[in-house]
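Down below is the structure, laid out as structure tokens.
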Amino acid sequence: MAGKLDNKVAIITGASSGIGEATAIALFAEKAKVAIAARRGELLDKLAQRIEASGGEALPIVADLTDETQAINLVQKVHAHYGRVDILINNAGLALAGDIDGADTLDWRRMIDINLLGVLYVTHATLPIFKAQKAGHIVNISSVAGRTARAGIGVYNLTKWGINGFSEALRQEVYKDNIRVTIVEPGMVDTEIDTHITDAIAKQRTIERRNSIAPLQSEDVAAAIVYAVTQPQRVNVNEILIRPTEQGW
Ligand code: NDP
């Protein structure tokens, strides 16, 4: 059976878990070929095997996207392998919650390196391909935290507000080349993201907050991404804000 993304090639960053993993599966279900990137190669291999066992095509690529050379290599490998790239999902990210005062500033650098620079490097490496093709779609995974600031997640707010501003400026730069830009802003999603928080108090606070509601599942966000990337070429879905029904903030 034909899918809505037959013959399309998608790069999904942060595909070793959570939203990225679910998005790879959802795009494959629409018959896209998926290049899946993250640092944990064993998880990527498992996902690729799962997709291939179901008759799909997946290309796992281990990359630390805070390193510009590895980001460039990722895009070049995918392009060399498939001869094209149609969709880029900039999803890899960290949410290291914690108050600004007294923070471990290493947490800030880690977030800025992947949530901002990682997105910039992969986007920068992909744009020449999209421009030459006169087509392409970039989906940047932002957050409700890119729209609403809250005490205790200030630097995460900084990174996601940055992604929103960057994405709109990018859209204005590239729409004439038929390149679409979408931001997806989820509320709380049930993933492993809290396990990486280093500040014990912030970690407990975040877990309690997430446990106080029925959060989104990664598949819910993946469905929003699929919606954006399967619209006719004339439609550019610029922004999708998606909260759990029970999330009041
Ligand atoms: P996960 O922790 O499950 O996924 C994060 C992914 O990013 C992993 O696959 C991880 O892979 C990858 N990653 C992290 N650092 C790097 C790096 N340096 N290089 C390459 N890949 C990296 O969390 P989510 O699925 O929840 O998060 C995905 C995105 O969604 C993030 O941008 C997050 O900010 C955003 N988001 C999440 C929300 C939530 O409530 N969960 C809400 C709103 C937005 P690996 O460790 O193998 O490298």
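Exposed loop positions in the chain were taken to be GluC sites (Glu not before Pro) whose DSSP state is not H, G, I, E or B and which have at most 12 other beta-carbon atoms within 10 angstrom. Between these positions, the longest stretch is 1-191.
Between the amide H of LEU241 and those of GLU185, distances stay under 5 Å, these residues lying 5 or more places away or on another chain, with hydrogens modeled in the peptide plane. Placing +1 on the Cβ of every Lys and Arg and -1 on the Cβ of every Asp and Glu, with no other charges, gives the chain a dipole of roughly 740 debye about its Cα centre. Give me the count of lysine pairs in the chain whose alpha carbons sit under 17 angstrom apart, restricted to pairs 8 or more positions apart or on different chains. Taking the Cα cut-off of 17 Å, the pair count is 11. Taken along its three principal axes, the alpha carbon spread of segment 9-242 comes to 48, 40, 34 Å, from the longest extent down to the shortest. Pairs of Cα atoms under 8 Å, at least six residues apart: use those to get the relative contact order of segment 9-242, whole percent. Answer for segment 9-242 is 21 percent.
Taken together, the values in this text are just the output of simple stated rules run on the coordinates, not laboratory data. Note that the structure is a prediction, hence the values are computed from the model and not measured. Counting neighbours? That spans all protein chains shown, and the Cβs are built from the backbone with ideal geometry, glycine included.
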